[in-house]
1. For the range 41-67, give me the residue count where each residue is charged (D, E, K, R), open to solvent by 40 Å² or more (accessible area, probe 1.4 Å) and not in a loop (DSSP other than H, G, I, E, B).
2. Take residue 65 and decide whether it is free of Cβ contacts under 8 Å to residues at least 24 places away in the same chain and of a type in the set (Gly, Ala, Ser).
3. Taking the criterion of being closer than 16 Å to residue 67 by Cα and charged (D, E, K, R), would at least one residue in the range 24-33 satisfy it?
4. Quick one: is residue 20 at pLDDT below 95, surrounded by 11 or more Cβ atoms within 10 Å (Cβ to Cβ) and part of a loop (DSSP other than H, G, I, E, B)?
5. Report yes if residue 31 is outside any loop (DSSP other than H, G, I, E, B) and open to solvent by 60 Å² or more (accessible area, probe 1.4 Å), otherwise no.
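The values are calculated or read from the model by the stated rules, or taken from the named source; none is laboratory data. From a predicted model like this one, the values you see are computed outputs, not experimental measurements. We place every Cβ from the backbone using ideal geometry, glycine too, and count neighbours over all the protein chains shown. Ligands, DNA and RNA are stripped out before the accessible areas are found, and what is left, the full protein with its side chains, is counted by its heavy atoms. Shrake-Rupley method; radii C 1.70, N 1.55, O 1.52, S 1.80 Å.
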Amino acid sequence: MNSSRVFESYSVYRLLLGNEADETTWTEIATAIPDTNYTDTDWMSLETGLYVYAVKANFSNNIQSEIGRA
């Protein structure tokens, strides 16, 4: 089995604070982001609440990283 991997992009998710453990409640707001920065242009139109962001790195061979939160 070939477990080599090459970085391809990031996926960015927005979620309400407290929902970190339930990925089914997350909103994927960006896919295939090649850079290390991203601006959520929709945040001003969101319902009032405390939001956090999660990021996953996407690699070749269909490998995805563990979650990074911000």
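1. In the first step, residues of the range 41-67 are kept if they are charged (D, E, K, R); the result is 42, 47, 56, 66.
Keeping just the survivors that are open to solvent by 40 Å² or more (accessible area, probe 1.4 Å) gives 42, 47, 66.
Then drop every residue that is not not in a loop (DSSP other than H, G, I, E, B), which leaves none.
Here the count works out to 0.
2. Working: free of Cβ contacts under 8 Å to residues at least 24 places away in the same chain: yes; of a type in the set (Gly, Ala, Ser): yes.
It is true that residue 65 is free of Cβ contacts under 8 Å to residues at least 24 places away in the same chain and of a type in the set (Gly, Ala, Ser).
3. Just the residues of the range 24-33 that are closer than 16 Å to residue 67 by Cα, to begin with: 24-33.
Subset that is charged (D, E, K, R): 28.
Yes, the conditions are met somewhere in the range 24-33.
4. On the way: at pLDDT below 95: yes; surrounded by 11 or more Cβ atoms within 10 Å (Cβ to Cβ): yes; part of a loop (DSSP other than H, G, I, E, B): yes.
Yes, satisfied.
5. On the way: outside any loop (DSSP other than H, G, I, E, B): yes; open to solvent by 60 Å² or more (accessible area, probe 1.4 Å): yes.
In short, yes.
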